[in-house]
Amino acid sequence: MIRKFLDLGMQPLANNYLKKKDLINKKGELFYHLEVGFNSKTKLISILNTVPSKKMFDDNYPYRSSMSKTMLLSFKKLSKYLKLFYKPNSILEIGSNDGSLIRNFSKKKAICVEPCKNVAKITKRLGYKTFTDFWDMNLARKIKASNKKKIDLIYSSNTLSHISNLDSVFKSICHVMADKGILIIEDPSLLECLKNVSYDQFYNEHIYVFSLISINEAIKKYKLEVFDIEKLKTHGGSLRYYIKRISNKKFKISNRVKKQFNEELKFKLNKYSTFVNFRKKVEKSKKNLKKIFDDIKKKNKIIIGYGATAKASTVLNFCNINSETIDYFLDTTPDKVKKFMPGTHIFIKPYNKKSLDSADYVFLGAWNFKQEIFKKEKKFLKKGGKFITHIPKPQVI
Ligand code: JHZ
């Protein structure tokens, strides 16, 4: 049974950046009710009203994983380790985006899956075999038919949590994965999300926010198990799950798996009451963030946003903060700039080094890249510029 614990209000699609003509015509902006619930049987945390995949991941999808050095470095490091340790003869990436990970592998060994045609074009152009379909059994059959052997290594980061039918996800993976193959998935960690009060991890694309407990429940009926786990700093704290078939005795279950289980149980991620407490923290966070913005605006200071993220869209729409408070956002993504933030209609300017000169305060939309951004914006900080963040609690830094 799914019990609701959080209501983040009516929200626009978090990656639906608007053109000027969309604002004038008041067209093209779809809203949905963002509610989040806990399934007491599966221990899965999910949004309650899903938006059809085709509406979210269309052929104008703007997100590019290569926009952050942190992510490129993380993918490079992982690729090196995988090649050295697992020596895969074949690798399949589900949700390959602009190829930030797959570029580290040989074109002969790799297969990409990316449903957004505009994004898939990038890996195709680079010479990688790319399927522009959603991940399901039909595609798994198509891939199996086009390959002589089953796949050694399947990798998916920030994608499986975006697919509502998890049974189809894992069944399709089992269909193409070799008996001794491994599956590695990477997604934001529910534990870190709760610790950081990062309620902005819940939005239309994040249908689930996984924990080890819930992943384990979801995969066991497919005779799969997690044999290792890595805690990552990326995306505000993620977990990288190493999964194998239970029948594959080549790898032992690492102590790290037990440790993570115990940590999650200690935090009571298997109990509804934990999430009710979380809701109270979210309400407090909203109140305090609004107060920070109000106090700054009373002093007639200029606030801009940094990183037009899906998360920022969720926070601002939930807290009713719009273009009256934030003058504009800065972003490096070509498909986001010169457009308007969903719902709040804050303009997005292309980033350039001088962009921060006119701002007194900068709202950290990409708070998950705080270190990378602070390093880049030393000059702004040195001259007394301040950042506003809501993670782990609303504050001015
Ligand atoms: P970032 C997206 O979420 C959507 P978002 C998706 N659902 C998901 O799960 C995650 O990604 C993985 C910009 N930026 O990664 C680039 C700068 O401008 O936090 C991006 O637009 N300058 C698939 O949108 C944004 O910030 C910089 O120096 O919440 C970061 O978006 C840096 C570092 C980033 O994901």
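All of the numbers you see were taken from the coordinates with simple rules; none came from a lab. Being a predicted model, the structure only gives us computed values, none of them experimental. Neighbour counts run over all protein chains shown; Cβ positions are idealised from the backbone, glycine included.
Once the other residues with Cβ under 13 Å from the Cβ of Ser172 are scored (Lys, Arg +1; Asp, Glu -1), what is the net sum?
Working: positive: Arg141, Lys142, Lys144, Lys150, Lys171; negative: Asp133, Asp136, Asp167.
Local charge sum for Ser172: +2.
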Net charge, Lys376 excluded, C-beta distance under 10 Å - Lys, Arg +1, Asp, Glu -1: +3
Percent RCO, i.e. relative contact order, over the chain, from Cα pairs under 8 Å lying at least 6 residues apart: 16 percent
Pairs from Lys41/Lys80; Lys117/Lys338; Lys83/Lys311; Lys299/Lys370; Lys284/Lys311; Lys258/Lys393 whose Cα-Cα separation, in the structure shown, is over 28 Å: Lys41/Lys80; Lys83/Lys311; Lys258/Lys393
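Evaluate E = 1/(1 + (r/R0)^6) for Ser168 and Lys393, where r is the Cβ-Cβ distance and R0 equals 41 Å; express this FRET efficiency to the nearest 0.05. The partial results should precede the final answer.
Working: r = 39 Å, r/R0 = 0.94.
Here the calculated transfer efficiency is 0.60.
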Given Lys69/Lys336; Lys77/Lys268; Lys77/Lys375; Lys290/Lys383; Lys20/Lys297; Lys220/Lys280, the pairs whose alpha carbons are separated by over 23 Å: Lys77/Lys268; Lys290/Lys383; Lys20/Lys297; Lys220/Lys280
Ranking of Glu372, Glu264 by count of other Cβ atoms within 10 Å, fewest first: Glu372, Glu264
All aspartates and glutamates inside 13 Å of Lys43 as judged from Cα atoms, apart from same-chain residues fewer than 8 positions distant: Glu217, Glu264
Cα centroid separation, the range 190-265 to the range 336-375 (Å): 31 Å
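Give, in nm to one decimal, the length gained when the segment between Asn255 and Leu126 is fully stretched (0.36 nm per residue of separation minus the Cα-Cα distance). Numbers along the way, then the final one.
Numbers: separation 129, 0.36 × 129 = 46.44 nm, distance 3.94 nm.
That works out to 42.5 nm of additional length.
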DSSP-defined antiparallel bridges as percent of all bridges, the chain, nearest 5: 55 percent
